[in-house]
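Remarks on the structure that follows.
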Amino acid sequence: MDMYDNLFSQGCLLNEQVARQIFETFPDGGAVMVIVDREGHYWPSDSDAFAKLNINETTINDICEKIDDGVEPLITQIDEISLISGQLVTDRTNCGYVIIAIPQHSPEKAMANIDLLEIILNQVSLIAKLIEKNNMLYELQMKNQNNLCTANVSLN
């Protein structure tokens, strides 16, 4: 296996594109969103704020395993941080997971707002689906342009 395979995989590329689009509009302060790929690599919306939360890799792996076991959305409490998590999937790609970390938030508050939190998780997946479709259309357009250029060269 090539050591660079996961860097250029469809899921990894899609996660980075989703992160760029969402994190650009994600508000500073308060909640932190983390996108985790299937190999355990993650992209936080705010690296400094995420580091201050002291959420370790074991916790992230445990969350991902529970989601894989069918617990979704998952609400977990670590110290004074509520973690709300779900899958990040499109029609073609299982990209990984989305975790929303809300400091100073109890599980009861999270449960009271579960409908809103599920909408946010679903919107992240919707954004991933739209980016994936846009990528596919772009690739198709490039192939068609390449075929046209090849056909024109052949005719001349």
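The values are calculated or read from the model by the stated rules, or taken from the named source; none is laboratory data. In this text the structure is predicted, and so the values were computed from the model without any measurement. Using ideal geometry, Cβ is built from the backbone for each residue, glycine included, and neighbour counts are taken over all protein chains shown.
Only one of Leu74, Leu117, Leu121 is within 30 Å of Asp28 (Cβ to Cβ) and within 14 Å of the chain's Cα centre (by Cα); which? Give the steps one after another, and end with the answer.
Details: Leu74 fails: within 14 Å of the chain's Cα centre (by Cα); Leu117 fails: within 14 Å of the chain's Cα centre (by Cα).
Selected residue: Leu121, the only one of Leu74, Leu117, Leu121 that is within 30 Å of Asp28 (Cβ to Cβ) and within 14 Å of the chain's Cα centre (by Cα).
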(request) Looking at (1) under 20 Å from Trp43 (Cα atoms); (2) of a type in the set (A, V, I, L, M, F, W, C); (3) at pLDDT below 95, find the lone condition where Met142 falls short. (result) (1)
(request) Those residues that are more than 11 Å from Thr90 (Cβ to Cβ) and either modelled with pLDDT of 95 or more or hydroxyl-bearing (Ser, Thr, Tyr) (or both), I need them from region 125-139; list them, please. (result) Tyr138
(message) So, Glu118, is that one among the acidic types (Asp, Glu) and either touching a helix residue (DSSP H, G or I) at 6+ places or on another chain (Cβ under 6 Å) or closer than 21 Å to Leu130 by Cβ (or both) or not?
(response) yes
(message) Lys52 - would you say it is at pLDDT 90 or above, within 17 Å of Asp37 (Cα to Cα), of a type outside the set (A, V, I, L, M) and part of a helix (DSSP H, G or I)?
(response) no
(message) Against the definition (among the aliphatic types (A, V, I, L, M), in a helix (DSSP H, G or I) and closer than 20 Å to Phe50 by Cβ), how does Ala110 come out, yes or no?
(response) yes
